[in-house]
Structures are given as C-alpha cells and as structure tokens.
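I have a structure here, written as structure tokens, and I will follow up with some questions on it.
The values are calculated or read from the model by the stated rules, or taken from the named source; none is laboratory data. Since we're looking at a predicted model, the values are computed, not measured. Quick reminder, even Gly has a Cβ in these numbers, built from the backbone with ideal geometry, and neighbours come from all protein chains shown. Side chains are part of the model used for accessible areas, which takes the heavy atoms of the whole protein and leaves out ligands, DNA and RNA. Shrake-Rupley method; radii C 1.70, N 1.55, O 1.52, S 1.80 Å.
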Amino acid sequence: MSATTLGSLDLNLLLGRFDAQKGTILGASRTERRLSDLDGIFLDESAYRAARALGDALIYSVEAVEPGAGDGDLHYGLGVIQPGRIGQEYFMTKGHLHRWRQAAELYIGLSGSGVMLLEDEATGESRMLPLGPGCAVYVPGHTGHRTANTGTTPLSYIGVYPARAGHDYGVYASRNFRCAVVDDAGTPKMIKR
Ligand SMILES: [Fe+2]
C-alpha cells in the first residue's frame, strides 16, 4: 500500500496538538487500562487483590494518531502511566511485541520518571533503560517492550512506530515477561520473575 500524501491529510493529522500532563492529543483515539485489565501480570497476587478491593484505578492511558496504513506511514501514541505500585512492582503497561515483528519503535520521554523493560523475543535477553525528559529509547524489532512509572508523578512519553507494526499482546498474556521491575529501597531494579 502506498504512503499517505500531504494533500490527503487533515490539518489535525499533520499537526498533533498534545497535552503531556493530561495525556491527550486533539482528535486522537483513547485507550484506558485499569487495574482490572492487568489481572495476572503482577508478581504479588495478594497485593493485587488488596488493591482491587479498593477499586479499579486507572493505571495508564494511550492516545494514538494513525494517519494512514501505507508501508511508509508512521503512527504515534502519547502514553501516561500513573504513579503507584502493586507490592514492590511499579505500575506498568501490559507490554507487547509488534505483530509485524521487525518493526522498531522510538520512545521519547516527556515528563516524570520511569523505565522501559526490553526483552529479545528469541534469546530472552532483557534490558532496563531509563525513560523520562532527555531520554529517547530505541526499541529494536523482535523486542518485547513494557513501560513502568518508577516516580511519584505521572510518566508521559510518545512512542513512534511504523503504521504496519500492529500490537501483539498474546505472548505476554500467556507467559509474561521474564523479568520484573521492582522498587529496591527507592531504586528501580530488574529481577527475574
Ligand atoms: Fe510498541
């Protein structure tokens, strides 16, 4: 499929007006993930159940701009993860691979402080990288990626990815990431699950 052209795009697709604090982009579609959407992914089941007993808190939101579906097109999303923990494990995204596995992605930190957990699909090698203002994290293809808020304020960031990338949540829904990011006396630490 050929890429989208200048003349075919509305102004609000050419110019994204976003609010990093609210996590909104004018005219974008919004996805919200609450505690109940993250059942089974945290290490500490009893801490998860205790948190659920208090309600179904918003954990993160993503607003995405998807101008076209051509081979050369780009999509991007603005994510905001709320601060908090389940046990020692920070609030985080579900995490995914791209359906089109070779698709890379660039994350750019806007505010707050967090980390990205990267996992090579073939080898299982895992890396934890900081994400916040002044940090751009390159996620190679064939790499599972999850983002966690390790600070005390909302973590916001933009992710830019090929339109063809797609999202595959199935792998981690069935077996989770090999590592977790936990608070270790005030410092984020990557541990084996
Ligand atoms: Fe992605």
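Each residue of the stretch 163-178 in turn: what ³J(HN,Hα) in whole Hz from Karplus with 6.51, -1.76, 1.60 and θ = phi - 60°, glycine and Pro shown as x?
4, 6, 4, x, 10, 10, 8, x, 4, 7, 5, 8, 10, 6, 6, 6
Before I look further, what does the stretch 1-123 give for accessible area per residue, probe 1.4 Å, in whole square angstrom?
I get 51 Å² per residue for the stretch 1-123.
Taking the alpha-carbon centroid of each part, what is the distance from the stretch 34-73 to the stretch 95-166 in angstrom?
The two parts, judged by their Cα centres, are 15 Å apart.
For the stretch 185-193, what does the Karplus curve 6.51 cos²θ - 1.76 cosθ + 1.60, with θ = phi - 60°, yield as ³J(HN,Hα) per residue in whole Hz, taken in order and with x for Gly and Pro?
With the stated coefficients, the stretch 185-193 comes to 6, x, 10, x, 9, 8, 10, 6, 6 Hz.
Sticking with this structure for a sec: Which log10 I(q)/I(0) values does the stretch 90-193 give at q = 0.15, 0.21 Å⁻¹ under the Debye formula, counting every alpha carbon as one identical point scatterer?
The calculated log intensity ratios at q = 0.15, 0.21 Å⁻¹ are -0.57, -1.12.
On to the next question. For the stretch 35-193, give the percent of accessible area contributed by carbon and sulfur heavy atoms, probe 1.4 Å, rounded to a whole number.
Carbon plus sulfur share of accessible area: 54 percent.
So who's got an amide H within less than 5 Å of the one on Leu131, skipping anything under 5 residues away but keeping other chains? H placed 1.01 Å off N, in plane.
Residues meeting the amide H criterion: Gly114, Val115, Met116.
If you don't mind, there's one more thing I want to ask. Packing-wise, with mean Cβ within 10 Å as the measure, how do 143-155, 46-58 rank, highest first?
143-155, 46-58
If you look at just the Cα atoms of the chain, how large are its Rg and its Dmax in Å?
Cα-based Rg and Dmax for the chain come out at 16.7, 54 Å.
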